[in-house]
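Written below as structure tokens is the structure these notes are about.
Just so it is clear, none of the values below were taken in a lab; they were calculated from the coordinates. Just so you know, these numbers come straight off a predicted model, no measurement behind them.
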Amino acid sequence: MSGPDEQIAVSRFLDFNRAQWAKLRASTPLPLSEAQLKDLAGVNERMSLGEVEDIYLPLSRLLTLYVGAMEHLHQTTETFLGSSAPRVPFIIGLAGSVAVGKSTTSRILQALLAAWPDHPRVDLITTDGFLWPRRVLEQRGLMERKGFPESYDVRRLLRFLADLKSGADEVRAPVYSHLAYDIVDGEFLAVRQPDIVIVEGLNVLQTGSGRAPMFVSDFFDFSIYVDANEADIEQWYIERFLTLRSTVFRNPSSYFHRYAELDPQNAADMARAIWQSINLVNLRKNVLPTRERAHLILEKGRDHAVRRVRLRRL
């Protein structure tokens, strides 16, 4: 028998290895082809149909069950109140480090969830659009802190999410250009009462100092954290930087055009310096501490494949 002072470790998560998780796909059909998957994968992101079948189809099934349960809960509340409320979207938050594969994960989930007949309208919003404009970041000396919590117009993001959850007919999100490294002035993405909205960003699970009356994650019905070892993410970041150096950076309009003429070794050194001085600091200080707040954690191996899935207990 345990003594009165003995600690009992209780995990908040159910753990699944790849094979265990893959079985939870059940009979969920695969709606994507190789060609479609290629269009969804990000720069240097290795993604196979086998990965989709083993990891993302079970996840799409789980999320679809959650969406159905949430709709039933709304109906129950309406019955209790004796009145009808506006239809609101199911919001999924997706967090993780720079270069860990958040964008690819979001696009694949968007495509899979939209293939389910009960919720065909799935929108994807990235929090890049809610960064302060470059001129504001420059004025505040935050260009080297881009991606840190203080570089975002959090009030604007909170208002966007609040409007979504109020059932507004149309909500507009600002558009970000990775080429210009800035908000596109006067351009917006219109979100018109979708069934599901995926909100992808570095710090979407952060709670801040605790003084704020609400947080971005307060609006999420489900949240996902994409995880990997720091050394692997650093390598992926460098590989992506080298690929962009020989492609997008060569565009004279690119904010990073100055890196296009670097030789491979100097480019790799520059990428490593940027990673270690900015992105790694942000990961350790602001992003990684939010991991345990997620409903589900996808743990990736060096080959980008998910090797472990952790699902928070109800």
So, how do all the Cα-to-Cα distances of the chain break down into 10 Å bins, in percent, from 0 on up?
5, 24, 34, 25, 9, 2, 0, 0
What percent does the relative contact order of the chain come to when contacts are Cα pairs within less than 8 Å and at least six residues apart?
25
Can you list the lysines whose alpha carbon is less than 21 Å from that of Lys285, not counting same-chain residues fewer than 8 positions off?
Lys102, Lys146, Lys300
Expressed as an acute angle from 0 to 90° and rounded to the nearest 10, what is the orientation of the C-alpha long axis of helix 154-165 relative to the principal long axis of the chain?
30
Suppose we keep just the DSSP beta bridges with both residues in region 202-314; what percent of those would be antiparallel, to 5?
55
Grab the Cα-Cα distance for Ala26 and Gln75, subtract it from 0.36 nm times how many residues apart they are, and report the gain in nm with one decimal.
14.9 nm
Rank Phe80, Phe16, Phe222 by mean-square fluctuation in a GNM of the chain with C-alpha springs under 10 angstrom and give only the top-ranked residue.
Phe80
What is the distance in Å between the Cα centroid of region 115-132 and that of region 274-314?
21
Per Stokes-Einstein, at 4 °C and 1.567 mPa s, what whole-number D in µm² s⁻¹ belongs to region 1-101, with the Kirkwood radius over Cα pairs as the hydrodynamic radius?
73
Relative to the longest principal axis of the C-alpha atoms of the chain, give the angle of the C-alpha long axis of helix 264-274, reported between 0 and 90° and rounded to the nearest 10°.
50
For the chain, built as a Gaussian network whose Cα springs stay under 10 Å, the top-fluctuating residue of Asn203, Asn266, Asn44
Asn266
DSSP-defined beta bridges in the chain - what % are antiparallel, rounded to 5:
45
